[in-house]
1. From the list Val157, Val91, which residue is buried (at least 19 other Cβ atoms within 10 Å of the Cβ), in contact with a helix residue (DSSP H, G or I) (Cβ under 8 Å, 6 or more places away or on another chain) and farther than 19 Å from Tyr67 by Cα?
2. What is the one condition in (1) within 26 Å of Val72 (Cβ to Cβ); (2) surrounded by fewer than 17 Cβ atoms within 10 Å (Cβ to Cβ); (3) of a type in the set (Ser, Thr, Tyr) that Tyr173 does not satisfy?
3. If you take the residues of segment 63-92 that are in a loop (DSSP other than H, G, I, E, B) and in contact with a Pro (Cβ under 7 Å, 6 or more places away or on another chain), which of them is nearest to His104 (Cα to Cα)?
4. Out of the residues in segment 109-123 meeting the condition of being buried (at least 18 other Cβ atoms within 10 Å of the Cβ) and not in a loop (DSSP other than H, G, I, E, B), tell me which one is nearest to the chain's Cα centre (by Cα).
5. Residue check, Lys225 against (1) charged (D, E, K, R); (2) at negative phi; (3) exposed (fewer than 15 other Cβ atoms within 10 Å of the Cβ); (4) modelled with pLDDT under 95, all met but one. Which one?
6. Can you tell me which residue is surrounded by the fewest Cβ atoms within 10 Å (Cβ to Cβ) among those in segment 178-213 that are under 18 Å from Ser127 (Cα atoms) and acidic (Asp, Glu)?
7. Within segment 130-148, can you find the residues that are closer than 14 Å to Thr56 by Cα and β-branched (Val, Ile, Thr)?
8. Cβ-Cβ below 7 Å, separation at least six or inter-chain, first residue in segment 51-64 and more than 13 Å from Tyr131 (Cβ to Cβ), second in a loop (DSSP other than H, G, I, E, B) and acidic (Asp, Glu): which pairs?
Amino acid sequence: MTDHTPPGAGGDQRPADPALPGPDDAGTGPVRHGMFGVSGSGDTSGFGGLVRPTWTVPAAERPYGGYFDEVVDALAEGYPDFAVAVRKVEVDRGELTLHLAREHLVGLCATLRDDPALRFELCSSVSGVDYLGTPERLHSVYHLTSMTYRRRIRLEVAVPVGDPHVPSVTGVYPTADWQEREAYDMFGIVYDGHPGLTRILMPDDWDGFPQRKDYPLGGIPVEFKGATIPPPDERRAYR
């Protein structure tokens, strides 16, 4: 049988399973109520009574497994300020995530793209996440792909709502252009240095950012053949 394992990955070096949350890790975030944490409008999910603490993935310990150690070591060697730039390394569900300080994002991306040992040439996705209830609740997430080595890595930058500024990576990865616009449109993350940071999905005069967790469901009545469907916040709540 032909071995198609990527060079350096090691067929028997799968990333270790993430450590189970210990007493200091479990429930480190705020308590969530309901399926989506919705308040101020009807809960139509059927999980309005659900109460559970959120859990933050703990920092990974060496060895990370697979090619992850090789990538982190090459990045540490190629980027002089690695120790202050990388706030946390996570390995969860077989995926490597580096949590970065925002001021180092662009420099790290350039190193990941240009270093011969890394060669992450493609930024395949930029997206936003809202961890409502945490101090730095808005996360800008980048998925990078090395077509040379057939590897993937995730970068994550967290900022508070009061200062939602993140440097744009369009100068390093032009494909991030419209993706950063979408994250701005939906989450209100402001990408400094973007060549044209405007809304891309919502009208230019839209008020608010629809994918933030505290955005009201709202809506407008919709009519179908004489029947009126009320907006979500006027429908019955499941309790």
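The values are calculated or read from the model by the stated rules, or taken from the named source; none is laboratory data. Here the structure is a predicted model, which is why all the values come from computation and not from measurement. Backbone-built Cβ (ideal geometry, glycine too); neighbour counts: all protein chains shown.
1. Working: Val91 fails: farther than 19 Å from Tyr67 by Cα.
Every option except Val157 fails the conditions.
2. Condition not satisfied by Tyr173: (2).
3. Tyr64
4. It comes out as Cys123.
5. Going through the list (1) charged (D, E, K, R); (2) at negative phi; (3) exposed (fewer than 15 other Cβ atoms within 10 Å of the Cβ); (4) modelled with pLDDT under 95, Lys225 breaks only (2).
6. In this case the residue turns out to be Asp192.
7. Matches in segment 130-148: Thr134 only.
8. Partner pairs satisfying both residue conditions: Pro58/Asp25.
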